[in-house]
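Asker: One structure follows; several queries about it will come next.
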Amino acid sequence: MARRRDYVVPAGRNGSILDDAELNALRALVDSGEVLSQGSRRAEFEERLRDHVGTRHALTVTSGTVALDLAVHLLDLRPGDEVVTTPQSFKAMVDPLLAHPVDVRFCDVREDTLNLDPHRLEELITARTRALVLVHFGGHPAEMDEILRIARRHGLLVIEDCAHALGALYHGRRPGSLADIGCFSFHTSKNITSLGEGGLLTFDRDDWADRLDRLRSNATDGVYRAAPDRFGQPDTVRPWMMWVDESYEQICSDVRRPGGNATMSEAGAAVGTVQLGRMARLVGRRRWIADRITATLRGFPQVRVAEAPPGVEHAYHLYTFFVRPGHGIGRDEVVAALDRAGVEVQLRYFPLHLRPEWRGRGHGPGECPVAERVWFHEQINLPCHPSLTDEQVEHMLRALKSAFS
């Protein structure tokens, strides 16, 4: 079925807004004559991200997918280990685990937030469980206090997928600083962007920072020791040998993983810094739209809406609500009515344990009944991006009232 191109209220391929400020930052970079890779713009962007998230380290990479892949690598998983994760997220969160000889266990979600349900977590943990990978779905922080209490009792490392959660707050702390590793995306659809693509890892461990910096910079993540005799060569390393001095002085006794080039460009970092400076305003616009939608939906008994509890601030990368079954109208009827009215609806995300890669590993229907019921029968995601005009928001509200009336 071909996608319509005439939506009055589009879902939005761009999750942020770029204007002259970003263009000026790019112009200043080009005019400066500075290097366009691994320069001062990346350093500044990372410094500001460290301050914002509140971690010791914040290292940029080329995408959120790369961030998640490298985060899984830092777990040092071994054959037979188990990892618990959630079925409700984009596939990039769990696909790195396909490359490891580990068993993955999917923990069902809460029916209101679609975040991992901590009440179902402990029953999945065994003596072989090593890690937990979760998402703050749509920008609504997961119940981290309870989740971390369970994880710490069992000695698990925890990765937060924060791709939706930049701008959120959890009892005074930012997602990305709540567990062991945070992973962010600056894809064009996210709450801020670093010129279309970009990612970030946040954590506090110095050893991880050293390993990650090597991996993103074409160096090998390995165990090194000093070479005993420098191949019998003199101690003086000549200037023209700058590209081989590490090889000249060290021996690698164990290769964990070869490195690659995951360097965020200076152009992306320059734009990302401008975007981070206006993030509060961009997320504020998302919250204003979300509040308008919630106020409209509260009047209909057919609807279930999740609102953030006290002390938690939702970033509203996605606006999600649910159509209650048995109230005279079904989810698919509502989606069809909204589509006819010119409101684009995208359902995020197909349950991961039902994707073919994971069915091939023994997963399937019935494993996460809440996630399955909600996705196939109840869930709706509405446009909530800051480029929507007030008129488009009002059109969407009228379409919602008409669909449920």
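Asker: Checking Gly364 against (1) in a loop (DSSP other than H, G, I, E, B); (2) of a type outside the set (Phe, Trp, Tyr); (3) within 21 Å of the chain's Cα centre (by Cα), only one condition comes out false. Which one?
Answerer: Unmet for Gly364, out of (1) in a loop (DSSP other than H, G, I, E, B); (2) of a type outside the set (Phe, Trp, Tyr); (3) within 21 Å of the chain's Cα centre (by Cα): (3).
Asker: Counting only residues that are of a type in the set (Gly, Ala, Ser) and under 23 Å from the mean Cα position of the chain (by Cα), which one in the stretch 367-405 is most open to solvent (accessible area, probe 1.4 Å)?
Answerer: Among those residues, the one meeting the criterion is Ser387.
Asker: Here is a check on your reading of the model: is Val343 open to solvent by less than 30 Å² (accessible area, probe 1.4 Å) and more than 30 Å from Pro369 (Cβ to Cβ)?
Answerer: No: the conditions fail for Val343.
Asker: Moving on to the next point. What number of residues within the stretch 101-114 satisfy the criterion of being farther than 17 Å from His154 by Cα and assigned to a loop (DSSP other than H, G, I, E, B)?
Answerer: Total meeting the criteria: 8.
Asker: How many of the residues making up the stretch 1-38 are more than 28 Å from the chain's Cα centre (by Cα), of a type in the set (D, E, K, R) and open to solvent by less than 70 Å² (accessible area, probe 1.4 Å)?
Answerer: Residues that pass the stated criteria total 0.
Asker: Output the number of residues of the stretch 263-278 satisfying the condition of being open to solvent by less than 10 Å² (accessible area, probe 1.4 Å) and closer than 15 Å to Ser387 by Cα.
Answerer: Residues meeting the conditions: 1.
Asker: Same structure, new question: Quick check, is Phe90 aromatic (Phe, Trp, Tyr), over 30 Å from Ala28 (Cβ atoms) and open to solvent by less than 20 Å² (accessible area, probe 1.4 Å)?
Answerer: So Phe90 does not fit the description; no.
Asker: Continuing with this model, one more query. Return the residues of the stretch 39-77 that are within 15 Å of Gly272 (Cβ to Cβ) and over 19 Å from the mean Cα position of the chain (by Cα); say none if nothing qualifies.
Answerer: Gly39, Ser40, Arg41, Arg42, Ala43, Glu44, Glu47
Asker: How many residues does the stretch 1-38 hold that are in contact (Cβ under 8 Å) with a residue 40 or more places away in the chain, more than 19 Å from Ala209 (Cβ to Cβ) and outside any helix (DSSP H, G or I)?
Answerer: 18
Asker: Separate question: Check off (1) surrounded by 12 or more Cβ atoms within 10 Å (Cβ to Cβ); (2) modelled with pLDDT of 95 or more; (3) not assigned by the TED database to the domain that holds Leu59 for Ala295 and give me the number that stays unchecked.
Answerer: (1)
Asker: Could you grab the pairs with beta carbons closer than 9 Å, sequence gap of 6+ or different chains, first residue in the stretch 368-391 and in a helix (DSSP H, G or I), second one hydroxyl-bearing (Ser, Thr, Tyr)?
Answerer: Matching pairs, first to second residue: Ala371/Thr86; Trp375/Tyr349.
Conditions (1) under 21 Å from the mean Cα position of the chain (by Cα); (2) modelled with pLDDT under 95; (3) of a type in the set (Ser, Thr, Tyr), marked per residue:
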{"site": "Glu82", "(1), (2), (3)": "no, no, no"}
{"site": "Met93", "(1), (2), (3)": "yes, no, no"}
{"site": "Leu97", "(1), (2), (3)": "yes, no, no"}
{"site": "Val102", "(1), (2), (3)": "no, no, no"}
{"site": "Arg105", "(1), (2), (3)": "yes, no, no"}
{"site": "Thr113", "(1), (2), (3)": "yes, no, yes"}
{"site": "Glu123", "(1), (2), (3)": "no, no, no"}
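Asker: Sticking with this structure for a sec: So, in the stretch 301-324, of the ones that are under 21 Å from the mean Cα position of the chain (by Cα) and part of a loop (DSSP other than H, G, I, E, B), which residue ends up farthest from Arg174 (Cα to Cα)?
Answerer: Once the filter is applied, the top-ranked residue is Ala306.
Asker: Can you pull out every residue in the stretch 115-129 that is in a helix (DSSP H, G or I) and closer than 11 Å to His154 by Cα?
Answerer: Glu122
Asker: If you check every pair at least six apart or on different chains, which have Cβ atoms under 8 Å apart with a residue in the stretch 341-361 that is under 22 Å from Arg105 (Cβ atoms) and assigned by the TED database to the domain that holds Leu134 first and a residue that is surrounded by fewer than 16 Cβ atoms within 10 Å (Cβ to Cβ) and of a type in the set (D, E, K, R) second?
Answerer: none
Residues are listed down the side, and each one gets a yes or a no for (1) assigned to a loop (DSSP other than H, G, I, E, B); (2) modelled with pLDDT of 95 or more; (3) open to solvent by 10 Å² or more (accessible area, probe 1.4 Å); (4) not assigned by the TED database to the domain that holds Leu388:
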| site | (1), (2), (3), (4) |
| --- | --- |
| Ile159 | no, yes, no, yes |
| Gly176 | yes, yes, no, yes |
| Ser189 | yes, yes, yes, yes |
| Ile192 | yes, yes, no, yes |
| Gly196 | yes, yes, yes, yes |
| Asp207 | no, yes, yes, yes |
| Pro234 | yes, no, yes, yes |
| Glu246 | no, no, yes, yes |
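Asker: Take Leu132 and decide whether it is surrounded by 21 or more Cβ atoms within 10 Å (Cβ to Cβ) and assigned by the TED database to the domain that holds Leu178.
Answerer: So Leu132 fits the description; yes.
Asker: Also, I was wondering about something else. Does the stretch 101-115 hold any residues that are out of contact with any helix residue (DSSP H, G or I) (no Cβ under 7 Å at 6 or more places or on another chain) and either in the same structural domain as Glu367 (by the TED database) or not β-branched (Val, Ile, Thr) (or both), and which are they?
Answerer: Those that are out of contact with any helix residue (DSSP H, G or I) (no Cβ under 7 Å at 6 or more places or on another chain) and either in the same structural domain as Glu367 (by the TED database) or not β-branched (Val, Ile, Thr) (or both): Pro101, Asp103, Arg110, Asp112.
Asker: Could you pull out the residue among Leu59, Leu77, Leu98 that is open to solvent by 10 Å² or more (accessible area, probe 1.4 Å), assigned to a helix (DSSP H, G or I) and not basic (Lys, Arg)?
Answerer: Answer to the selection: Leu98.
The values are calculated or read from the model by the stated rules, or taken from the named source; none is laboratory data. Because the structure is a prediction, the values reported are computed rather than measured. Cβ coordinates were reconstructed from backbone atoms using ideal geometry, including for glycine residues, and neighbour counts include every protein chain displayed. Areas reflect the complete protein model, heavy atoms only, side chains present, ligands, DNA and RNA absent. Shrake-Rupley method; radii C 1.70, N 1.55, O 1.52, S 1.80 Å.
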